[in-house]
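To keep things clear, I will list the structure first and then write my remarks on it.
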Amino acid sequence: MVLKRKWLSVASTAALVSVACVFGSPAIAADAGHSGYVKPHITHAKYGLMRLVVPLTTDNVKVQGKKLRNIQNGLDAARDWGGKFKVKVVLYAKGLSLLENPAPAFKTEIDKLRSQGVRFEICNNSLREQNVNFHSLYGVKDADIVPSGFAEVVYLQQKRGYSVDPVN
């Protein structure tokens, strides 16, 4: 009985996908090369110019890696869907650790993001509080230092039209 129900469920799903593919439903049509892949279907205007500030306050390398991937994915999507992303990553508190002797894979990602215009800004308060010389941080120049990372995020949101990435 359980086997019969599972078979019916699989058959019903397959029928729905077949019908959706025949009628061109972009939300269900699967890409032959990717199991479960859904082709994006944009129904609004092209992305245009978007501004995002990404506060980074953690030394958790999994979160840091996720942030770098999310930024790259956003840049790719904007490019593919008629837009451009201006992204600033503001590092403060433990977030400075991203640029303190980063692993080679992170260096590659950081370099790639910088080459696409992503700015990494460093909190001067955090530098002082943690007794970190900004020259020791990967690729940081004096122009990358902001007075307060926390205040910079608010400034970019309120005065410069940036959206804030809420996940940290």
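Each value in this text was obtained by applying a stated rule to the coordinates, not by laboratory testing. Just so it is clear, the model here is predicted, and its values are computed rather than measured. Cβ placement follows ideal geometry from the backbone for every residue including glycine, while neighbour counts extend to all protein chains displayed.
For the reader, a short list of remarks on this structure follows.
- Proximal lysines relative to residue 141, as straight alpha-carbon distance under 28 Å, when same-chain residues fewer than 8 apart are discounted: 62, 66, 67, 84, 86, 88, 94, 107, 112, 159
- Residues whose amide H falls under 5 Å from that of residue 121, counting only those 5 or more places apart or on a different chain, are 89, 90, 91, with hydrogens built in the peptide plane.
- With an a/c value of 1.5 or above and a/b larger than b/c for the gyration tensor axes a ≥ b ≥ c computed over the alpha-carbon atoms, the stretch 24-168 is described as prolate.
- Were the residues from residue 72 through residue 151 laid out at 0.36 nm apart, the gain over their Cα-Cα distance would be 25.9 nm.
- Per-peptide average of other Cβ atoms within 10 Å, ordering 72-83, 127-138 highest first: 72-83, 127-138
- 3J(HN,Hα) along the stretch 124-135: 5, 4, 5, 4, 5, 4, 9, 6, 10, 7, 4, 5 Hz, from the Karplus curve 6.51 cos²θ - 1.76 cosθ + 1.60 with θ = phi - 60°, whole Hz, x for Gly and Pro.
- The protection proxy used here, the mean number of other Cβ atoms lying within 10 Å of each residue, ranks peptides 157-167, 59-69, 38-48, 114-124 as follows, highest first: 114-124, 59-69, 157-167, 38-48.
- For the stretch 84-168, the square roots of the Cα gyration tensor eigenvalues, ordered a ≥ b ≥ c, give a/c of at least 1.5 with a/b no greater than b/c, which places it in the oblate category.
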